[in-house]
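These notes are about the structure you will find just below.
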């Protein structure tokens, strides 16, 4: 019960860190809200601790408050990565994981398992777009320097984080018009992560539940929904590049 009360505190919209997050990186904050809502639905289906899953989701990108303008969801017309060497961009993007961990380590009473889940939400995946942009033949130096997911919660967060960002960018590009296209995003994301050995700790049964919940959630979010007019074609391209979609 004590842990539950502590997590409720961190999920309160008036908690100082959430208020700072919302102010400094509003696009990232909205992304985390979407991820948290989906992860909560998955937690219910799998009988996981809902507050643990939601808290991990809400804070998984808190490190982006340091350099919000370098992340596509917070950009307007200008993408600062256009003027940077790909390896510099790699360092800026990937450091948000360690920045998130360092921020949360300074928060009194936050459970260490929350920090551990967040620390693994990118595993050691390749930052695909900048790797390809560099023309490098070796991909290891373009990987996140984190552990692969060791818990069901961190693996779920990895999947949902990637699917949500990809689906949102494709929808705003007019490329997520029906259920089949949404299923394709989910299927391709999971297959890519499985092939990269990121989801080795997950059973086929759990992956099936995650997939089915994602299908339902994306259909609810994007069915007959109006396109956000403020997101132009360049911003859509930036989002897709960051997630390695193109």
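Just so it is clear, none of the values below were taken in a lab; they were calculated from the coordinates. Given the structure is predicted, the values throughout are model-derived calculations rather than measurements. Ideal geometry is used to build each Cβ from the backbone, glycine not excepted, and the neighbour counts take in all protein chains shown.
Compare 13, 181, 146 in a GNM of the chain, Cα atoms joined below 10 Å, and give the one with the largest fluctuation.
Fluctuation is largest for 13.
Can you give the Rg/Rh ratio of the chain, where Rg is from the C-alpha atoms and Rh is the Kirkwood radius?
Rounded to two decimals, Rg/Rh equals 0.94.
Evaluate the relative contact order of the chain (contact order divided by residue number), counting alpha-carbon pairs under 8 angstrom at least 6 apart; express in whole percent.
About 21 percent, as a whole number.
Could you work out how far the C-alpha centroid of the range 63-91 sits from that of the range 103-180, in angstrom?
Result: 16 Å between the Cα centres.
Got a sec? How would 8, 64 order by Cβ neighbour count within 10 Å, fewest to most?
Ascending Cβ contact count within 10 Å gives the list 8, 64.
Express the relative contact order of the range 105-201 as a whole percentage, based on alpha carbon pairs under 8 Å and six or more residues apart in sequence.
29
State the dimensionless ratio Rg/Rh of the range 108-215 (Rg: radius of gyration of Cα atoms; Rh: Kirkwood radius).
Across the range 108-215, the Cα-based Rg/Rh ratio is 1.00.
Give me the extension gain from residue 191 to residue 136: residue separation times 0.36 nm, minus the current Cα-Cα distance, reported in nm with one decimal.
Once the chain is fully extended between residue 191 and residue 136, it gains 17.4 nm.
For the pair residue 108 and residue 145, how long in nm is the line joining their label points, each one 7 Å along Cα→Cβ?
3.2
So what does the Cα-only Debye profile of the range 33-141 read at q = 0.09, 0.12, 0.20, 0.23 Å⁻¹, as log10 I(q)/I(0), no solvent term?
Treating every Cα as an identical point scatterer, log10 I(q)/I(0) equals -0.29, -0.51, -1.10, -1.24.
What percent do you get for the relative contact order of the range 17-63 when only Cα pairs under 8 Å and 6+ apart count?
40
Could you work out the helix-only [θ] at 222 nm for the chain, with each DSSP H run of four or more residues adding -39,500 (n - 2.57) and the total divided by the number of residues, to the nearest 500 deg cm²/dmol?
Here the helix-only value at 222 nm equals -20000 deg cm²/dmol.
With each label point set 7 Å from Cα along the Cα-Cβ vector, what nm distance links residue 201 and residue 173?
Between residue 201 and residue 173, the simple spin-label model gives 3.2 nm.
In nm, to one decimal, how far is the modelled label at residue 209 from the one at residue 13, with both set 7 Å along Cα→Cβ?
Distance between the two pseudo-spin positions: 3.0 nm.
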